[in-house]
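The block underneath contains the structure these notes are about, expressed in structure tokens.
The values are calculated or read from the model by the stated rules, or taken from the named source; none is laboratory data. Predicted model only: the values in this text are computed from it and were never measured. Positions of Cβ are backbone-derived with ideal geometry, glycine not excepted, and every protein chain shown enters the neighbour counts. Note: accessible area is taken over every heavy atom of the protein model, side chains too, but ligands, DNA and RNA are not part of it. Shrake-Rupley method; radii C 1.70, N 1.55, O 1.52, S 1.80 Å.
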Amino acid sequence: MKSERRFFLKTLAAGASAARYAFPANDTVSIGCIGTGGRAQVLMRNLEAVKGSRISAVCDVWDENLGKARQIAGPQAAAAKDFRAVLDRKDIDAVLIGAPDHQHVPLAMAAMAAGKDVYVEKPLTHRLSEGPAIIQAQQNSGRIVQVGMQQRSMPHLQKGYEIVKSGRIGKVHKVHLTWNRNQPRYQRVNYNIDPATVNWKAWLGSAPEQKFDEYRFRQWRWFWDFGGGIFTDLMVHWIDVVHWYLDLDHPAEATSVGDWFAAKGVWETPDTVQTLMRYPDREVQVYFEGTFVNARNAAMVEFMGSDGTLYIDRGRYELYPEQVKPFGEPAQPAKFAYSEWVLGKGPRGADFYDNPNGELLHLQAWIDAVRTRRQPNAPVPAGVSAASAAHLANQALREGKVAHYGA
């Protein structure tokens, strides 16, 4: 990491001097993609439909991912295994970062220091301590940074925001979040990866030194050195929506439980978790449940207000009126009728829908922000805020006690 630190310092002055400019309206935004695994490849395919953008370079520490990225980007794109080769290019305006969680902040900060705008996958931070540094770096550089929390660019979630802000469902004291799957992601797989095709040291970055492990390399989300399990991988999406709708920053405290019902001896992070987070200053409780052993409650968020409940998933919203029943008196009439807006086909709570295409909308919003230099839909402070809730939930889980923010 010393060489990466020197690179960061070397490019800081140059990046800052070129930081605040209006992107030419008719110019194509030239993009370098760093960390081109499965998630990044989905984003890269969507970039093909984003007007005014072009993938000019791809970078990955693994030959296989790099080869797939080159196929998506086309023969005109440069390829490298060292991210600094991409950031050094003068023809690159912005970078898309799809590396594992522990690399998000180091790569994003290096990109900003090199004068590049950034799209970085969520969770933005891998540790609570990274939050202030990435916020300061973005403010100092003036770069446009969009965090990959694509719900903020989905039209029905934007409408849901208006509904909650209007006071239509009344005062919200309780929010329920879920992300439940029935998938054997924990099964051991023989990937047959030749270690010689991976720059393992570069992939580890600031993580503790350890021998190459192909399972950890491919399933890094479930190991503490590189990811944070269900809370950082899945809950972050919905807790960001909660923070957005209710103007919350971070929970004051969290209490969590976790179990290894199917992934024992395979994952370091649990396969089944629950957490209760309190925001006493705003009189809000947030409860999240997630698992890989049953998908009944799927993926959704419910804002429970005094006058109604707003249900949201990635393809719809449903607005349920609340009938108040004073003790010993007739029920009061509901303040509004049930309504819904269904955009996507499929069952309630699915991970993805045909409509809306959140990746495409979020990438287009990023490119629009790059051009206009306006605030992106999911800026750095929002990414830090959402990740902070997941980190506090994990702290409570790992310590086996109530975790207090800032303690």
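Contact order, relative form, for the range 319-407: 13 percent (alpha carbon pairs under 8 Å, 6 or more residues apart, mean separation divided by residue count).
The range 290-346 and the range 130-209 have Cα centres separated by 25 Å. Between ALA396, ALA387, ALA254, the GNM of the chain built on Cα springs shorter than 10 angstrom shows ALA396 fluctuating the most. Taking 0.36 nm per residue of separation and subtracting the Cα-Cα distance, full extension of the segment from GLN139 to TYR191 would add 14.6 nm.
Using a cut-off of 11 Å between beta-carbons, work out the net charge of the residues near VAL61 (Lys and Arg +1, Asp and Glu -1, VAL61 not included). Here the count lands on -2.
Listed values for the range 88-96 are Karplus-derived 3J(HN,Hα) couplings in whole Hz (6.51 cos²θ - 1.76 cosθ + 1.60, θ = phi - 60°), namely 6, 6, 6, 8, 9, 8, 8, 10, 10, and x replaces Gly and Pro.
Taking the accessible area of the chain, probe 1.4 Å, and keeping the other protein chains in place, the carbon and sulfur fraction comes to 50%. Relative to the longest principal axis of the Cα atoms of the chain, helix 155-165 runs at roughly 50 degrees. Residue separation of GLU399 and TRP224 scaled by 0.36 nm, minus their Cα-Cα distance, works out to 61.6 nm of gained length.
How far, in degrees from 0 to 90, does helix 104-113 lean away from the longest principal axis of the Cα atoms of the chain, to the nearest 10? Result, in degrees: 60. Here the scattering of the range 350-389 is modelled by Debye summation over its C-alpha atoms, one equal scatterer each and no solvent; at q = 0.17, 0.23, 0.35 Å⁻¹ the log10 of I(q)/I(0) is -0.59, -0.84, -1.02.
The convex hull around the C-alpha trace of the range 65-176, projected and averaged over every direction, spans 10.0 square nanometres. Taking a straight Cα-Cα cut-off under 20 Å and skipping sequence neighbours fewer than 8 places away in the same chain, the aspartates and glutamates within cross-link reach of LYS81 are GLU4, ASP60, ASP63, GLU64, ASP91, ASP93, ASP101, GLU121, ASP194, GLU209, ASP213, GLU214. Relative to the longest principal axis of the Cα atoms of the chain, the long axis of helix 63-73 makes an angle of roughly 80 degrees. By the equivalent-ellipsoid construction on the alpha carbon gyration tensor, the range 314-373 comes out with semi-axes of 39, 16, 8 Å, ordered largest to smallest. Computed over the chain with a Gaussian network model linking Cα atoms closer than 10 Å, the most mobile of ASN192, ASN377, ASN180 is ASN192. Using the Cβ-Cβ distance between ASN294 and ASN355 with R0 set to 45 Å, the FRET efficiency works out to roughly 0.95. The range 45-113 and the range 231-252 have Cα centres spaced 28 Å apart.
The alpha carbon convex hull volume per residue for the range 263-407 rounds to 214 Å³.
Along its principal axes, the range 173-245 has C-alpha extents of 53, 29, 16 angstrom, given from the largest down.
What the range 83-220 shows is 40 Å² of accessible area per residue, with the surface traced by a 1.4 Å probe over protein heavy atoms. Summing +1 for each Lys or Arg and -1 for each Asp or Glu among the other residues whose beta-carbon sits under 13 angstrom from that of ALA403 gives +1.
Taking amide H as placed 1.01 Å from N in the peptide plane, VAL284 has its amide H under 5 Å from the amide H of TYR279, each at least 5 places away in sequence or on another chain.
Three principal axis extents describe the C-alpha atoms of the range 115-247; from largest down they are 58, 43, 25 Å.
What share of Cα pairs, in percent, lie more than 28 angstrom apart in the chain? Tail of P(r) above 28 Å: 49 percent of Cα pairs.
Can you compute log10 of I(q)/I(0) for the range 56-131 with the Debye formula, treating each Cα as one identical point scatterer, at q = 0.12 Å⁻¹? The Cα Debye sum returns log10 ratios of -0.33.
When the C-alpha to C-alpha distance is required to be over 22 Å, the pairs from LYS122/LYS345; LYS174/LYS335; LYS171/LYS335; LYS122/LYS401 that qualify are LYS122/LYS345; LYS122/LYS401.
Using a Gaussian network model of the chain with C-alpha springs under 10 Å, which one of VAL384, VAL236, VAL286 is most mobile by mean-square fluctuation? Highest fluctuation among the options: VAL286. In units of the compact-protein estimate 2.2 N^0.38 Å, the range 239-319 shows a Cα radius of gyration of 1.26.
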